[in-house]
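See structure below.
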């Protein structure tokens, strides 16, 4: 993950001279970040080494160490499933569902239409939910995440 962040900053620094101001700087940076991520995914697929970083410990003041360990394991399983998604679905799912970015922002960052981006995120969500049916720990983790989003 640190290498990806560093590659993104290098790409932003190298490309800053080409920024025309047609869009917000944040939008331009998002698009560059997505492009760098796609490049990394493509290279890693050809190397057969596609793995996402382990999710850091979830901050919670009142959770027991067992609850935190279960949450980390569920998050690890989620990322193992997300790791198997087609790259465009993976990016749409990660930005929209996991990072909770508005679908319009995700579409713009991906250089796609809102409808296309919704379909990609929906297909990825469906894939994740189908896999979660066979993993009770992951299903519970996803349900807790949804309940947390609703409150």
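The values are calculated or read from the model by the stated rules, or taken from the named source; none is laboratory data. Source: prediction; values computed, not measured. Heads up, the Cβs are rebuilt from the backbone with ideal geometry, glycines too, and the neighbour counts pull from every protein chain shown.
Identify, from the list 77, 40, 61, 44, the residue that is closer than 18 Å to residue 111 by Cα and at pLDDT below 90. Within the list 77, 40, 61, 44, the selection yields 40.
Within the stretch 1-34, the set of residues being without any contact (Cβ under 8 Å) to a residue 12 or more places away in the chain, farther than 16 Å from residue 104 by Cα and part of a loop (DSSP other than H, G, I, E, B) comprises 19, 20, 21, 22.
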